[in-house]
Amino acid sequence: MTITIALSKGRIFEETLPLLAAAGITPLEDPESSRKLILPTNRDDVRLIIVRATDVPTYVQYGAADIGVAGKDVLNEHGGEGLYQPLDLNIAKCRMMVAVRNDFDYASAVQQGARLRVATKYVRAAREHFASKGVYVDLIKLYGSMELAPLVGLSDAIVDLVSSGGTLKANNLKAVEEISHVSSRLVVNQASLKLKRSAIQPMLDAFAQAVNK
């Protein structure tokens, strides 16, 4: 019985390592230096697969992975169908924010009922946020370099994840509204949990214990 865990490179992978260690799992290769997408671990019954952050919920939903770690932002866009989300891991924390150019009067634009153009990777979250405020928006889907959109006139505002705010500042942008706090969560395929419970449950318990320390 092999357990497959889906992770993305970068911050989530690095911050998941101590949690894996708490469950007795150590990757035998570093995804930053290895070209392999399936990484062995110190346990013959556990392997890691390296996928794009936005694809983690899909791999778990369809059973290609039994367990995954995904940001709340990604799960919200995915919709979470077919996923059991037992635990907020409290890692990769940041905030989802509305940001505009330093010289753009966001409050006045909203107050006057202007129709805003908003560029974002997080269309679902942005749509829900502005609808709840009664603000009319045209959403423009982008996949990266969000900060560029207001600078070249593509949009009035962006919705993006902000950690320190350094990237916004460097590009003469300012955060004007917080939409939500974001952290990464453990997701489990519902069928896997039933069929492989004897192997998966101890991992979930170890993760929970490590998070609550």
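Here are a few things to note about the model shown:
- Residue ID - farthest from the chain's Cα centre (by Cα), chosen from residues in the range 119-152 that are farther than 16 Å from Lys174 by Cα, open to solvent by 30 Å² or more (accessible area, probe 1.4 Å) and among the small types (Gly, Ala, Ser): Gly134
- Top-ranked residue in the range 166-192 [being part of a helix (DSSP H, G or I) and out of contact with any strand residue (DSSP E or B) (no Cβ under 6 Å at 6 or more places or on another chain); ranked as surrounded by the most Cβ atoms within 10 Å (Cβ to Cβ)]: Ser192
- Pairs meeting the criteria (first residue in the range 1-21 and surrounded by fewer than 16 Cβ atoms within 10 Å (Cβ to Cβ), second residue part of a loop (DSSP other than H, G, I, E, B), beta carbons under 6 Å, at least 6 apart or on different chains) are Met1/Lys196; Thr2/Asp45; Lys9/Pro31.
- Criterion applied to Gly63, Gly79 was being at pLDDT below 95 and either open to solvent by less than 40 Å² (accessible area, probe 1.4 Å) or of a type in the set (Gly, Ala, Ser) (or both), and the one residue passing it is Gly79.
Yes/no matrix, rows are residues, columns are (1) more than 20 Å from the chain's Cα centre (by Cα); (2) farther than 21 Å from Ala53 by Cα:
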residue	(1), (2)
Asn171	yes, yes
Glu177	no, yes
Val182	no, no
Leu186	no, no
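- Ser155 modelled with pLDDT of 95 or more, polar (S, T, N, Q) and not in a helix (DSSP H, G or I): yes
- Of all residues in the range 134-144, none satisfies being of a type in the set (Asp, Glu) and in contact (Cβ under 8 Å) with a residue 40 or more places away in the chain.
The values are calculated or read from the model by the stated rules, or taken from the named source; none is laboratory data. Quantities reported herein were computed from a predicted structural model and do not represent experimental measurements. When we count neighbours, we look across all protein chains shown, and the Cβ atoms used for this are built from the backbone with ideal geometry, even at glycine. For accessibility, only protein heavy atoms count, side chains too; no ligands or nucleic acids. Shrake-Rupley method; radii C 1.70, N 1.55, O 1.52, S 1.80 Å.
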